[in-house]
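Visitor: Sharing a structure with you now.
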Amino acid sequence: MRMSLRSNAVVVISAAVAVALGIAATPAESAPPTVRPAGPNQAAAVPASPADCLLPAADVYNEHEGPADYGRWLQPTGTLRGIVLFVRFPGVTPPAGELAQRTSLLSGAPAWFNQSSYGGVTLQLTFDTVWRQLPNSQTTYSEYNVDFNAQRAYVQDAVNVADAAIDFSQYDLVYVVAPSNASSLPNSPSFIASVGWGAWADGVELRHGATFGQDLSHWGYKVLNHETGHVFGLPDLYAYAADQHQAAGGWDLMGLISGPAPDLLAWHKWKLGWLADNQIVCQDGSGSTTATLTPLGASGGTKALVVRTGERDAVVVENRQVSPLDVSSSCFQPGVLVYQVTTTVGGGGIPPGSSTPVPGGPRPIRVADRLPNSTIAGCDARAAELANATLTAVNHAVTVAGVTVRVTGHSGSNRSVQVTVP
Ligand SMILES: [Zn+2]
């Protein structure tokens with residue numbers, strides 16, 4: 001779930017409301033990428049700088065795959081301090097023991113960020129220890145997931161009732177947790193306020209955080225990582241449309257939170273600054289480039305081979321192996337993952353000047369499927385079609401957007417790959 005504010009205008013994304021419990025993926029893409037052998041005598045590409053593969057952002061109002069404006073989003077570096085508030089409402093008694101349960105549930109989130117960022121960001125969470133009663137009924141805030149002003153009022157009220165006990169000047173992020181029986185707060189949008197539009201306490205403006213509702217029980221702590229991913233500027237990879245998980249499946253936390261391989265894509269880690277430019281190999285134009293990719297889930301080495309295919313488009317190649325975040329299962333086939341990135345649309349597939357995605361249209365990330373129209377039985381239907389998208393053996397190849405990607409070698413968990421553009 002997400003929500004944002006642009007140019008001091010209220011943005012309403014009603015389509016985002018329905019996403020929390022997910023919808024089964026629809027049939028595979030109508031034009032699947034085809035496989036063909038790479039030309040053995042293709043000339044080497046002219047070396048490009050990693051910066052040549054950065055994509056400028058389009059004029060979309062929500063999160064996107066271009067560089068983040070840290071005047072609006074929060075830069076994920078160093079130590080970030082978050083306060084977790086628990087709020088109740090008149091007439092709503094939280095279930096016995098739930099504050100401790102939810103504290104325990106959310107406690108896994110910092111380790112997730114530490115692992116995914118290779119230690120690049122440390123999230124310190126401080127948990128309040130009591131439910132603090134808000135002055136208004138839960139229905140007062142029921143538009144919190146579609147109306148920024150309602151969410152802002154909710155966060156401000158939560159901060160106000162905790163202000164006597166908490167020094168908010170010590171925190172970068174505010175997370176507000178409602179009890180599971182507050183049915184007017186069903187899901188968990190991030191809170192991202194432009195300067196001047198945040199909540200205020202102790203002389204500081206609080207512009208970043210999230211408001212957790214009933215679906216916290218469903219998703220667990222990773223919903224905090226997902227929502228904070230928005231705070232860092234990452235877009236939703238699932239579509240706010242019927243083909244919800246068709247483009248990214250379970251390959252990134254910003255797609256399916258409960259996916260089988262939910263570590264963040266190399267493109268996202270580069271955008272966030274968790275990968276350095278010298279860990280990215282870029283090809284801009286025709287020719288052929290080879291690289292040896294170390295596993296995404298382990299620190300160090302080259303993590304992505306990027307081919308720029310247009311002003312706002314690229315193809316990315318990365319190496320996904322079993323890691324602390326991408327856990328071994330029959331629904332996760334380790335291998336070389338290939339995907340298209342575009343900044344022509346924002347999170348959820350929202351095009352510029354619109355609030356609804358085009359069904360089957362561009363998505364921020366679209367995974368290239370080596371085996372289209374084939375699923376793995378027994379896997380979450382939302383992730384099954386793309387669960388076997390990876391190139392898992394030498395000479396496996398896939399062509400997408402005019403780029404042929406071929407696996408040329410295995411050495412331990414490293415994978416050598418070649419990209420070729422005619
Ligand atoms: Zn989201």
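Since every read-out is calculated from the coordinates, none of them should be taken as a lab result. Here the structure is a predicted model, which means the values were calculated and not measured. Glycine also receives a Cβ, built like all others from the backbone with ideal geometry; neighbour counts cover every protein chain displayed.
Visitor: Using the Karplus curve 6.51 cos²θ - 1.76 cosθ + 1.60 with θ = phi - 60°, what ³J(HN,Hα) values do you get for each residue of segment 374-388, in whole Hz, with x for Gly and Pro?
Guide: These are the phi-based 3J(HN,Hα) values: 9, 10, 9, 4, x, 8, 3, 4, 6, 10, 5, 4, 9, 5, 10 Hz.
Visitor: Please compute the contact order of the chain in relative form: average sequence separation of alpha-carbon pairs under 8 Å and at least six residues apart, divided by the residue count, as a percent.
Guide: 21
Visitor: If you don't mind, there's one more thing I want to ask. Principal axis lengths of segment 78-231 from Cα atoms, whole Å, largest first?
Guide: 44, 34, 30
Visitor: Mind ordering 79-91, 45-57 by average Cβ neighbours within 10 Å, highest first? Numbers along the way, then the final one.
Guide: Numbers: 79-91: 19.2, 45-57: 15.8.
The densest-packed peptide leads the list: 79-91, 45-57.
Visitor: Separation between the Gln133 and Ala377 pseudo-spin-labels, each 7 Å from Cα along Cα→Cβ, expressed in nm?
Guide: It is 5.7 nm.
Visitor: Going by C-beta contacts inside 10 Å, put Lys271, Lys303, Lys222 in order with the fewest on the left.
Guide: Ascending Cβ contact count within 10 Å gives the list Lys222, Lys271, Lys303.
Visitor: Give me the angle, in degrees from 0 to 90, between the Cα long axis of helix 222-231 and the longest principal axis of the Cα atoms of the chain, rounded to the nearest 10.
Guide: 80
Visitor: Now a separate question. Taking Cα centroids, how far is segment 404-422 from segment 233-303 in Å?
Guide: After rounding, the separation between the Cα centres reads 17 Å.
Visitor: Near the amide H of Thr408, under 5 Å away, which other amide H atoms are found, from residues 5 or more places off or on another chain, if H is placed in the peptide plane?
Guide: Asn395, Ser416, Val417, Gln418
Visitor: Using the count of nearby Cβ atoms within 10 Å as a rough guide to exposure, how do Thr126, Thr404 rank from fewest to most? Spell out each step's value before the answer.
Guide: On the way: Thr126 14, Thr404 25.
Going from sparsest to densest Cβ surroundings: Thr126, Thr404.
Visitor: Under 12 Å from the 7 Å Cα→Cβ point of Ala43, by amide nitrogen: which residues of segment 272-302?
Guide: Zone members listed by number: 286-288.
Visitor: Calculate how steeply helix 148-162 sits against the longest principal axis of the alpha-carbon atoms of the chain, using the helix alpha-carbon long axis, and give the answer as 0 to 90 degrees to the nearest 10.
Guide: Here the helix axis deviates by roughly 50 degrees.
Visitor: Could I ask something else about it? In debye to the nearest 20, how big a dipole does segment 78-231 give about its Cα centre with +1 on each Lys and Arg Cβ and -1 on each Asp and Glu Cβ?
Guide: Charge dipole, segment 78-231, about its Cα centre: 240 debye, nearest 20.
Visitor: May I pose another question? What FRET efficiency comes out for the pair Val161/Thr103, r = Cβ-Cβ distance, R0 = 22 Å, nearest 0.05?
Guide: 0.75
Visitor: Can you give the extra length, in nm with one decimal, that the chain gains between Ser354 and Ser299 once fully stretched, where that is 0.36 nm per residue apart less the Cα-Cα distance?
Guide: Between Ser354 and Ser299, full extension yields an extra 15.9 nm.
Visitor: Long-range amide H contacts for Leu80: which residues qualify at under 5 Å (H placed 1.01 Å from N, peptide plane, sequence gap of 5 or more or a different chain)?
Guide: Thr122, Leu123, Gln124
Visitor: Also: When the helix-only estimate is applied to the chain (DSSP H runs of n ≥ 4, each -39,500 (n - 2.57), divided by the residue count), what is the mean residue ellipticity at 222 nm, nearest 500 deg cm²/dmol?
Guide: -4000 deg cm²/dmol
Visitor: Starting from 0.36 nm per residue, how many nanometres of slack lie between Asp69 and Asp202 once their C-alpha separation is accounted for?
Guide: Numbers: separation 133, 0.36 × 133 = 47.88 nm, distance 2.58 nm.
Contour length minus the Cα-Cα distance gives 45.3 nm.
Visitor: Run a plain Debye calculation on the chain (Cα atoms as equal point scatterers, no solvent) and give log10 I(q)/I(0) at q = 0.08, 0.09, 0.11, 0.13 Å⁻¹, rounded to two decimals, same order as the q list.
Guide: -0.42, -0.53, -0.78, -1.07
Visitor: Please list, in chain and number order, the residues 5+ apart from Phe191 or on another chain whose amide H is under 5 Å from its amide H, with Hs placed from the backbone.
Guide: Close amide H contacts, sequence-distant or interchain: Gly209, Ala210, Thr211.
Visitor: Could you tell me what percent of the DSSP beta bridges with both partners in segment 227-318 are antiparallel, to the nearest 5?
Guide: That works out to approximately 50 percent antiparallel.
Visitor: Right, another one. Would you list, by chain and number, the lysines whose Cα falls below 21 Å from the Cα of Lys303, excluding same-chain residues fewer than 8 positions away?
Guide: Within the straight-line limit of under 21 Å, Lys303 reaches these lysines: Lys269, Lys271.
Visitor: Report the full-extension gain for the segment Asn181 to Ser286: residue separation times 0.36 nm, less the Cα-Cα distance, to one decimal in nm.
Guide: Here the answer is 32.1 nm.
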